[in-house]
1. Could you tally up the Lys pairs in the stretch A:1-150 with alpha carbons closer than 19 Å? Skip any pair fewer than 8 positions apart unless they're on separate chains.
2. Please identify which residues in the stretch A:97-135 have an amide N closer than 19 Å to a label point set 7 Å out from the Cα of A:ILE63, following the Cα→Cβ vector.
3. Kindly express, to the nearest 10 degrees and within the range 0 to 90, the angle between helix B:186-203's C-alpha long axis and the longest C-alpha principal axis of chain B.
4. At 222 nm, what helix-only mean residue ellipticity would chain B give, in deg cm²/dmol to the nearest 500, using -39500 (n - 2.57) for each DSSP H run of four or more?
5. Could the peptides B:90-97, A:202-209 be put in order, highest first, of the mean number of other beta-carbon atoms found within 10 Å of their residues?
6. Would you mind getting me the FRET efficiency between A:LEU365 and A:LEU35? Use the beta-carbon distance for r and R0 = 25 Å, nearest 0.05.
7. Across peptide A:187-194, how many C-beta atoms of other chains are within 10 Å of each residue C-beta, on average?
8. Once you average over the residues of A:204-212, how many Cβ atoms of partner chains fall within 10 Å of each Cβ?
Amino acid sequence: MKALRNYLDKIKPNFEEGGKLHAFRSVFDGFETFLFVPNSTSKSGTHIHDAIDSKRIMSIVVIALIPALLFGMYNVGYQHYALAGMEGTFWQLFGYGFLAVLPKIIVSYIVGLGIEFVVAQWKNEEIQEGFLVSGILIPMIVPVECPLWILAIATAFSVIFAKEIFGGTGMNVFNVALITRAFLFFAYPAKMSGDAVWVSHESICGLGGNPDVVTAATPLGIAATSGNVLPDSLSQFNWDAFWGFIPGSIGETSVVAIAIGAVLLLVTGIASWKTMLSVFVGGALTAWLFNVAGPDTAVAHLPWYNHLIMGGFCFGAVFMATDPVTSARTETGKYIYGFLIGAIAIVIRVLNPGYPEGMMLAILLMNVFAPLIDYYVVQSNISKRMKRLNNK
Amino acid sequence: MSQLFSKKNREVFSSPISMNNPVTVQVLGICSALAVTAKLEPAIVMGLSVTVITAFSNVVISLLRKTVPNRIRIIVQLVVVAALVTIVSEILKAFAYDVSVQLSVYVGLIITNCILMGRLEAFAMSNGPWESFLDGIGNGLGYAKILVIVAFFRELLGSGTLLNFRIIPQSFYDMGYMNNGLMLMPPMALIIVACIIWFQRSRNKDLQEK
């Protein structure tokens with residue numbers, strides 16, 4: 001650590017005003033503050049700091065995402081080998097998934113961080129660290145067959161139009177990763193939905209095979225297209241969906257892996273348990289209501305516990321709904337915000353035959369309402385206290 | 001003759017096309033800009049229709065401006081605009097039926113276009129017919145310009161064509177290129193209009209708020 005610090009101190013003058021690498025000042029700055037907590041302090045006013053800053057928060061979220069990512073890689077290989085009807089060792093399966101997912105991560109980081117660096121340099125600001133998390137979230141919420149070039153376009157679109165335009169990290173109204181997914185979903189529906197995109201069907205570097213069948217629907221996709229009789233596998237608790245051995249977006253399938261991340265986020269206090277819990281409560285209640293008195297369709301008959309473990313529900317609840325920037329900030333507001341996300345996601349799944357999955361749209365919709373919820377929570381608090389004052 | 005094209009009159013004509021554009025600076029007429037710009041052809045026809053209607057309604061109102069009682073001026077303006085819109089709509093149906101089908105209700109809705117009422121109230125009610133005519137043409141063309149830019153990008157990226165001619169070659173599609181479906185949806189028109197506004201404001205310091 002000491003050697004690294006000394007090295008950074010030695011090369012630092014190159015990046016300062018007049019140095020020969022001044023053009024890369026923001027890049028250097030970004031890496032330096034990423035590696036070491038900056039020792040500069042505020043010069044005026046009263047500030048309260050704790051030991052953690054936003055770069056450290058972002059790193060913990062990335063660490064919390066690692067179990068879901070690793071499992072996602074394994075599952076990509078597992079699904080591919082299953083579709084091709086081949087046997088493979090653990091390392092073959094994982095290696096295949098690794099090679100399929102890695103290019104997406106690289107593309108997402110290069111495009112997103114590239115834009116961040118350019119903007120920071122252009123506006124003469126510090127590099128902002130928000131993309132550290134978005135960059136890993138984006139590849140985890142797309143289907144494995146999503147081509148790299150449309151991933152790059154979507155990432156560029158959402159970093160520019162969902163984030164930089166609003167003023168960069170911390171100012172965005174919408175979750176950046178979900179805007180990427182929404183852009184892909186509406187711009188290239190053929191590559192984002194249906195039953196041919198969830199399992200990769202080409203061999204990579206000699207791993208895997210070339211299956212004749214190329215379609216494998218997600219459980220929710222099956223439920224959405226199976227009329228009004230639910231297949232047996234979906235009408236009881238689905239252990240495959242719980243462990244994650246189902247087709248789906250790369251990181252969203254395994255409840256267990258996501259739960260490990262959730263525990264880490266809750267223990268470190270980064271995500272709010274109120275939001276997370278109320279998303280599940282909202283989803284479970286709504287799904288249960290549809291079970292009891294819903295329309296006569298297969299999705300409405302899907303048991304409420306299966307709704308919660310399938311599709312992007314868990315992933316959205318743990319990593320997207322709790323995004324501190326775009327969610328409600330008042331404590332009461334978090335309950336309302338989370339509950340409505342869960343409820344709307346299930347309503348979209350059940351009542352809109354065009355969209356088998358509703359989590360993305362539910363979270364984006366509630367992102368818009370978060371400030372409104374906060375406003376009314378604050379107002380009601382003010383009027384409550386006003387009443388107390390007047391009654392004295 | 002020189003008086004007809006005096007500096008002031010040239011200004012009246014050219015300023016709405018760039019510096020005082022009705023769409024990007026005054027942000028008027030956005031709804032129709034969203035609705036008709038998925039393809040280039042209807043956008044051009046719509047732009048021309050609005051230009052013709054704005055120009056002639058400006059002239060008519062300018063001629064009537066001293067005789068119309070102030071209290072009923074809006075109704076008179078609406079009658080004039082409605083008459084012109086009906087004429088244009090009938091002409092389109094007669095000579096460009098396909099486009100008029102694509103434009104559907106939006107030709108009729110030119111009556112409610114804010115640019116028209118804005119120009120009648122703000123300019124034609126207080127200026128002579130010739131100036132009003134130039135102002136109408138200028139504003140119509142300023143509107144048409146934005147529509148054409150938006151439609152250019154939407155048709156090129158959303159359908160791969162321009163004026164229904166294939167621009168993006170088949171070999172691109174064979175290599176895996178795909179049309180961007182979002183471009184065909186109205187929200188993308190808003191984003192493109194926003195980009196034009198962004199571009200224009202970053203080039204003109206006068207348009208930026210302090």
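What follows draws every value from the coordinates through simple rules; no lab data is involved. What you see is a predicted model, and the numbers here were worked out from it, not measured in a lab. When we count neighbours, we look across all protein chains shown, and the Cβ atoms used for this are built from the backbone with ideal geometry, even at glycine.
1. Lysine pairs meeting both conditions in the stretch A:1-150 amount to 4.
2. Flagged as within label range: A:129-135.
3. Its long axis makes an angle of about 70 degrees.
4. -20500 deg cm²/dmol
5. Output ranking for B:90-97, A:202-209: A:202-209, B:90-97.
6. So, using R0 = 25 Å, E works out to roughly 0.05.
7. 3
8. Mean partner-chain Cβ count within 10 Å for A:204-212: 0.
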